[in-house]
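In what follows, a structure is listed as structure tokens, so that the remarks can point back to it.
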Amino acid sequence: QPTTIGHYLAVRLAQAGVKHHFVVPGDYNLGLLDKLQYNNYLEEVNCANELNCAFAAEGYARANGIAACVVTYSVGAFTAFDGIGGAYAEDLPVILISGSPNTNDIGSSHLLHHTLGTHDFSYQYEMAKKITCAAVSIQRPTEAPRLIDYAIKMALLKKKPVYIEVPTNVASQPCAAPGPASLITEPETSNQEYLQMAVDISAKIVNGKQKPVLLAGPKLRSFKAESAFLELANSLNCSVAVMPNAKSFFPESHPNYAGIYWGQASTLGAESIINWSDCIICAGTTFTDYSSNGWTSLPPKANVLHVDVDRVTVSDAEFGGVLLRDFLHELAKKVKANNASVVEYKRIRPESLEIPMENPKAALNRKEIIRQVQNLVNQETTLFVDTGDSWFGGMRITLPEKARFEIEMQWGHIGWSVPSAFGYAIGAPKRNVVVFVGDGSFQETVQEVSQMVRLNLPIIMFLINNRGYTIEVEIHDGPYNRIKNWDYAAIVEAFNAGEGHAKGFRVGNGHELAEAIRQAKENSQGPTLIECNIDQDDCSKELINWGHNVGAANGKPPAKE
Ligand SMILES: C/C(NCc1cnc(C)nc1N)=C(/S)[C@H](O)COP(=O)(O)OP(=O)(O)O
Ligand SMILES: [Mg+2]
């Protein structure tokens, strides 16, 4: 039976796997929100602002594989764009839906609110094209099915955000009924001929090497290649290192796990085994200034076999149309076991340094926080680490089987972790969500703690209060890196407003921290924020080294004219 465009969109979102949509209402999208709500496919989740709305959707996509957020024109979409840029950078398919002016106003003499005060209403759609893999604007209702299907299909195929603009008078227009889900969920397949060629050539090379190893990259998760990577690790039986933004994408409990490869911030001797190898299979890896520790840790090119999301580069050949998970799965069948790197690793693996327990009454320090959080982490834990020394602290947490780790190293937006963890918790209600977030980061997106209160989400946040922007201090210091201190524990209480179950603690030593964690574990009805006060100079040496390397890279003078 005929339906409406809003209902069509709701069905397609549900068919794509969206169960919740994150929203900030505005008069350009209210009719659409009614339609999205008027069905039992989707549950509406309100956010305090559009940046957090987009980041909540990004976090939901980390848990659920796809997400949607709905905002109003310009004043909503513009800040959502910041979170959408992050979703693009992190390969997360977030569907950004924005209301927009009535189609009759386009080309008319009308000037409208929430616009630049001109007659041009196309600027938002033009901007959206730059930060999505597909952008559509439904100016003619009859085009809605085609445009909606195209955008959602692209999000699923490319694992990138898309943009759907819905003028305020379009959502309630009649529309053909949506077709089968397969029209939008058809997965991409590898070119079989090139796949076999790539696998045969690569297997010959790998089997001819003395000491191959594997390096896991951040794209393994979005492109659903973690299990194929594990298959290859098991059949090759070599050492496996992971990039810092691929932590937990290979189980750290696996006997062949060899740590995080991140230059001097590497763990467990990973850098030594990568440098020792004569064949590094880089699966879904990207090397940026941040993830290569300021260009100081790049695997020797001559030894690299690079497997990207849809192509394989090996010696001087490039095989396009070969999907990451297919290649890894097929290669696993063709390689011979070669545990030379495992034998070598046993020789070079550094002693795992147990962090000694601090005197419980001594002033709290970074290491004691890591030691106690280590004891909190279990198989159901997902640990979020925000941009800051939290990255380096989080890298030192050893993850038990099935524990997950979430980082935003490509976009690197401070404050991302609070709304992203909120959205993730909606998408993965059975996970124990734990957040490491710095004081500076927390100040960017604190509002979404109130939504955690509203939805009774037992997220535990360790707020590392070192009185300022310590990463920036190490990259390049100045008065601008000092920030106004807040009473963080009190803010969280304020979000309760007499009815919530949030708890806030300010801790200054190991004893107080242990007590706060004990209470946090008991608080199943709401978020718990533990403000950990540490000395502003108490940061990891890895951060200091990393900060100097990145600072040097930033400061490189322009090439000679
Ligand atoms: C200001 C900035 N980066 C610049 C920046 C500025 N604005 C946005 C949105 N994202 C960014 N990364 C960064 S890393 C601060 O040191 C973060 O401070 P905090 O959260 O307190 O963590 P640390 O103290 O451990 O560094
Ligand atoms: Mg700080």
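Every read-out reported here was derived from the displayed coordinates using simple, explicitly stated rules and does not represent laboratory data. This is a predicted model, so every value here is computed, not measured. Cβ: placed from backbone, ideal geometry, glycine included. Neighbour counts: every protein chain shown.
Provide the convex hull volume over Cα atoms per residue for region 414-456, in Å³. List each step's numbers first, then the result.
Values: hull volume 2.5 nm³, N = 43.
In region 414-456, the Cα hull volume divided by residue count equals 59 Å³.
Are there GluC sites (Glu not before Pro) in region 169-245 that DSSP puts in a loop and that have at most 15 other Cβ atoms within 10 Å, and which ones? Can you show the working numbers first?
Working: sites: Glu188, Glu193, Glu226, Glu231; in loops: Glu188.
Hits after loop and neighbour filter: Glu188.
Hey, with R₀ at 22 Å, roughly what FRET efficiency would Asn339 and Glu401 work out to, going by the Cβ-Cβ distance, to 0.05?
Working: r = 21 Å, r/R0 = 0.98.
That gives a FRET efficiency of 0.55.
Considering the Cα trace of region 435-505, what is its radius of gyration and what is Dmax, both in angstroms?
Over region 435-505's Cα set, Rg and Dmax evaluate to 13.7, 44 Å.
At what distance in nm do the modelled label points of Asn275 and Lys361 sit from each other, each positioned 7 Å from its Cα along Cα→Cβ?
A separation of 4.5 nm, rounded to one decimal place.
Report, to two decimal places, the Cα Rg of region 261-401 normalised by 2.2 N^0.38 Å (N = number of residues).
Taking the Cα Rg and dividing by 2.2 N^0.38 Å, one obtains 1.29.
For the chain, I need the span (max minus min coordinate) of the C-alpha atoms along each principal axis, in Å, sorted largest to smallest.
73, 64, 56
Using modelled amide H (1.01 Å from N, peptide plane; none on Pro or chain starts), what sits under 5 Å from the amide H of Ile459, excluding residues fewer than 5 places away?
Thr528
Roughly how many nanometres apart are two label points built 7 Å out from the Cα toward the Cβ at His254 and Asn40?
4.2 nm
Enumerate the amide H contacts of Ser239 below 5 Å, restricted to partners 5 or more residues apart or on another chain; note that Pro and chain-start residues carry no placed amide H.
Leu214, Ser341, Val342
Of all the Cα-Cα pairs you can form in region 410-561, what percent are over 25 Å apart?
Roughly 35 percent, once rounded to a whole number.
Computed over the Cα atoms of region 97-206, what is the ratio Rg over Rh, Rh following Kirkwood?
Dividing the radius of gyration by the Kirkwood radius yields 1.19.
Please express the shape of region 1-100 as an equivalent ellipsoid: the semi-axes are the square roots of 5 times the eigenvalues of the C-alpha gyration tensor, given largest first in whole angstrom. Don't skip to the answer; put the middle values down first.
Details: eigenvalues 82, 52, 21 Å².
Gyration-tensor ellipsoid for region 1-100: 20, 16, 10 Å.
Fewest Cβ neighbours within 10 Å first, please rank Leu111, Leu376 accordingly.
Values: Leu111 11, Leu376 16.
If I rank by nearby Cβ atoms, fewest first, I get Leu111, Leu376.
Of all DSSP beta bridges located in the chain, what percent are antiparallel, nearest 5? Provide the component values of the computation, followed by the final result.
Numbers: 9 of 71 bridges.
Antiparallel bridges: around 15 percent, rounded to the nearest 5.
Using the C-alpha gyration tensor of region 70-139, what are the square roots of 5 times its eigenvalues, in whole angstrom, with the largest one first? Each step should come with its number before you reach the end.
On the way: eigenvalues 116, 26, 18 Å².
They are 24, 11, 9 Å, listed from largest to smallest.
Compute, for region 294-419, the length of the dipole vector about the Cα centre, with Cβ point charges of +1 (Lys, Arg) and -1 (Asp, Glu) only. Units Debye, rounded to 20.
Values: 16 positive and 17 negative charges, 99 e Å.
About 480 debye.
How high is the FRET efficiency between Gln447 and Thr189 when r is their beta carbon distance and R₀ equals 30 Å, given to the nearest 0.05? Present the calculation step by step, with values, prior to reporting the outcome.
Details: r = 43 Å, r/R0 = 1.43.
It comes to 0.10.
For Lys541 and Leu111, calculate 0.36 nm times their separation in residues minus their Cα-Cα distance, and state this gained length in nm to one decimal. Please list the in-between numbers first.
Working: separation 430, 0.36 × 430 = 154.80 nm, distance 5.63 nm.
Gain on extension, Lys541 to Leu111, equals 149.2 nm.
Arranged from highest to lowest average of other beta-carbon atoms within 10 Å per residue, in what order do the peptides 487-500, 142-155, 541-554, 380-393 appear? Could the numbers behind the result be given before it?
Details: 487-500: 15.4, 142-155: 20.3, 541-554: 17.9, 380-393: 24.8.
Packing order, densest peptide first, comes out as 380-393, 142-155, 541-554, 487-500.
Once R0 is set to 45 Å, what does the formula 1/(1 + (r/R0)^6) return for the Cβ-Cβ distance between Asn234 and Asn104, expressed as a FRET efficiency to the nearest 0.05?
Numbers: r = 62 Å, r/R0 = 1.37.
E(calc), rounded to 0.05, equals 0.15.
Which entries of Lys219/Lys247; Lys35/Lys158; Lys211/Lys334; Lys130/Lys556; Lys19/Lys158; Lys211/Lys346 show an alpha-carbon separation above 22 angstrom in the structure shown?
Details: Lys219/Lys247 11 Å; Lys35/Lys158 27 Å; Lys211/Lys334 16 Å; Lys130/Lys556 28 Å; Lys19/Lys158 20 Å; Lys211/Lys346 14 Å.
The answer is Lys35/Lys158; Lys130/Lys556.
Would you kindly derive the ³J(HN,Hα) couplings of region 54-61 from the backbone phi angles with the Karplus curve 6.51 cos²θ - 1.76 cosθ + 1.60 (θ = phi - 60°), listing them in order in whole Hz, with x for Gly and Pro?
Using θ = phi - 60°, the values come out as 5, 5, 5, 5, 4, x, 4, 5 Hz.
Ordered by packing density, taken as the mean number of other Cβ atoms within 10 Å over each peptide's residues, highest first, how do 507-519, 395-407, 68-80, 446-458 rank? Could the numbers behind the result be given before it?
On the way: 507-519: 17.7, 395-407: 19.2, 68-80: 24.8, 446-458: 21.2.
Result, highest mean Cβ count within 10 Å first: 68-80, 446-458, 395-407, 507-519.
Sort the following peptides by mean Cβ neighbour count (other Cβ atoms within 10 Å, averaged over residues), highest first: 527-533, 194-200.
Values: 527-533: 25.7, 194-200: 18.7.
Top to bottom by mean Cβ count within 10 Å: 527-533, 194-200.
What's the local net charge at His511, with K and R +1, D and E -1, over the other residues with C-beta under 12 Å away?
Values: positive: Lys361, Arg518; negative: Glu358, Glu368, Glu512, Glu515.
Combined, the nearby Lys, Arg, Asp and Glu give -2.
Please list log₁₀ I(q)/I(0) at q = 0.15, 0.16, 0.20, 0.26 Å⁻¹ for region 1-46, using the Debye equation with identical point scatterers on the alpha-carbon positions.
The Debye formula, applied to the Cα set alone, gives -0.34, -0.38, -0.60, -0.96.
Under the rule of -39500 (n - 2.57) per DSSP H run of 4 or more residues, summed and divided by the residues of the chain, what mean residue ellipticity at 222 nm is obtained, to the nearest 500 deg cm²/dmol? Show your work: numbers first, answer last.
On the way: 22 runs with 218 residues, N = 561.
The helix-only estimate for the chain comes to -11500 deg cm²/dmol at 222 nm.
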